[in-house]
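Step one of this worksheet: look at the structure below.
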Amino acid sequence: MTMRCVSFNPAIDQTVTLERLVPGEVVRALAVRHDAGGKGVNVASCLADAGQAVELHGLLGRDNAAIFEQLFAAKGIADRLRRVPGATRTNVKLLETGGRTTDVNLPGFTAAEADAEAVFTGLAQVGAGELVVISGSQPAGLAADTSARLVAALAGRGARVVADLSGVALDAVLALPPGALPHAVKPNRAELEAWAGRRFDERAALVDAARALVARGIALVVVSLGTDGAAFVSADGALQAAPPRLATGSTVGAGDAMVAGIASALADGLALDALARRATAFAAGKLGREGAHLPPAAELDALAAAVRPQPLDVWAAAPGSRT
Ligand SMILES: O=P(O)(O)OC[C@H]1O[C@](O)(CO)[C@@H](O)[C@@H]1O
């Protein structure tokens, strides 16, 4: 079955490698590269690498579309992005050789509500049980609840939506009534804290917040935790899983690879343990690769087999359990 990904605000990721970032000083870069990116594009790219048929919906600036079109052609991603006047934003990733990345996300095109309506129309045929992944920020010009309205429309038709949103878009989605909520969400810890309006000083507080969302009617809540991997919470259980090994290099897009793993596992009807293994393997497989690309299937399978999910409560009770 074809999977749909939605990206209202793609980005060209300009990764600048430098030895050390010293604010206020001149820094000579060692290398620069450009990748077609943005959360929805990255998810589609990883799903295509995993052999999944993908359609990509959303918006794209007319002035610099070529780098995206090359990626879509190379990976066989069906390009349903509506072209809008102007250029897609460039997001600068300052990658220090020690592994730290500083993101400077620039503004890009301004969209109109009519553009969002066209995206809604392009997804009007999506029906019960089908999977749609909605990720990333919204461009200027769209109402704060645009993503939430799309989630509600799709969920209302029985589609399973996987939402990876932040800020006001996440707030709007999590405020939807049961029945309009997404099937799955994947905030990171900071995004969940921002939504909850408090810091999770104890791991148990993060676990409680994830469980509360499941109780509200979201079937699967995944909270990404950086080097600690992710927490996976559903009505069937609660697990924590971390990558079997951490690669150095850019972490940009690892969360998107995890979202692709979640969507792929849902498409295959995997149980929570296997879903956690696959999602973690996708994230680990992307780490150390430039751009949002996955290794071959055999490597992903080996990574998934090496992941050791543990009960989330065991992780939460670990000594020194500041999240
Ligand atoms: O849509 P947002 O939240 O601004 O994030 C965009 C950035 O996130 C990434 O998709 C990585 O998750 C980058 O490719 C992109 O630059």
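With respect to the conditions (1) among the aliphatic types (A, V, I, L, M); (2) within 17 Å of GLN70 (Cα to Cα); (3) more than 9 Å from the ligand (Cβ to nearest atom), VAL32 lacks only one, and its number is (2). Looking at the range 211-320, the strands (runs of 3 or more DSSP E) lying wholly inside it that each contain 2 or more residues that are touching a Phe, Trp or Tyr at 6+ places or on another chain (Cβ under 9 Å) sit at 220-224, 237-241.
The rows are residues; the columns are (1) among the acidic types (Asp, Glu); (2) over 26 Å from ALA316 (Cβ atoms); (3) within 13 Å of the ligand (Cβ to nearest atom).
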position: LEU239; (1), (2), (3): no, no, no
position: ASP268; (1), (2), (3): yes, yes, no
position: ALA271; (1), (2), (3): no, no, no
position: ALA276; (1), (2), (3): no, no, no
position: ALA281; (1), (2), (3): no, no, no
position: GLY285; (1), (2), (3): no, yes, no
position: GLU290; (1), (2), (3): yes, yes, yes
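Filtered by the rule that a residue be β-branched (Val, Ile, Thr) and at pLDDT below 95, the range 67-97 gives a lone residue, THR97.
Of the residues making up the range 124-151, not one is charged (D, E, K, R) and within 16 Å of the ligand (Cβ to nearest atom).
Scanning the range 9-27 turns up no residue that is part of a strand (DSSP E or B), within 22 Å of GLY122 (Cα to Cα) and either away from the ligand (no atom under 11 Å from the Cβ) or of a type outside the set (A, V, I, L, M) (or both). Residues of the range 241-260 that are within 14 Å of the ligand (Cβ to nearest atom) and at pLDDT 90 or above: GLY253, ALA254, GLY255, ASP256, ALA257, MET258, VAL259, ALA260. Among residues of the range 128-146 that are within 12 Å of VAL162 (Cα to Cα), those with a beta-carbon under 7 Å from a residue that is within 11 Å of the ligand (Cβ to nearest atom) and acidic (Asp, Glu) at least six positions away or on a different chain give the pairs SER135/ASP164; SER135/ASP256. Being near the ligand (Cβ under 10 Å from one of its atoms), modelled with pLDDT of 95 or more and surrounded by 14 or more Cβ atoms within 10 Å (Cβ to Cβ) is a property that holds for ASN42.
Close contacts from the range 159-170, counting a first residue that is without any contact (Cβ under 8 Å) to a residue 12 or more places away in the chain and a second that is of a type in the set (Ser, Thr, Tyr), with Cβ to Cβ under 6 Å and a gap of 6+ residues or different chains, come to none at all. If you go through the range 176-195 and keep only what is more than 23 Å from ARG149 (Cβ to Cβ) and surrounded by 17 or more Cβ atoms within 10 Å (Cβ to Cβ), you end up with ASN188, ARG189, GLU193. Looking across the range 224-237, the residues that are of a type outside the set (Val, Ile, Thr) and more than 16 Å from the ligand (Cβ to nearest atom) come down to ASP228, GLY229, ALA231, PHE232, SER234, ALA235, ASP236, GLY237. Within the range 205-223, one or more residues are under 17 Å from the mean Cα position of the chain (by Cα), within 21 Å of LYS39 (Cβ to Cβ) and either within 16 Å of the ligand (Cβ to nearest atom) or at pLDDT below 95 (or both). Only one entry of GLY129, GLY122, GLY136, GLY156 meets the criterion of being at positive phi and surrounded by fewer than 18 Cβ atoms within 10 Å (Cβ to Cβ), and that entry is GLY129. Residue pairs whose Cβ atoms lie under 6 Å apart, sitting 6 or more positions apart in sequence or on different chains, and linking a residue in the range 1-30 that is free of Cβ contacts under 8 Å to residues at least 60 places away in the same chain to a partner that is outside any loop (DSSP other than H, G, I, E, B) and away from the ligand (no atom under 16 Å from the Cβ), are VAL27/LEU18; ALA29/LEU18.
Of all residues in the range 85-106, exactly one satisfies the criterion of being touching a Pro at 6+ places or on another chain (Cβ under 8 Å) and of a type outside the set (Ser, Thr, Tyr), namely ARG89.
The values are calculated or read from the model by the stated rules, or taken from the named source; none is laboratory data. This is a predicted model, so every value here is computed, not measured. Note that we place each Cβ from the backbone using ideal geometry, even for glycine, and neighbour counts take in every protein chain shown.
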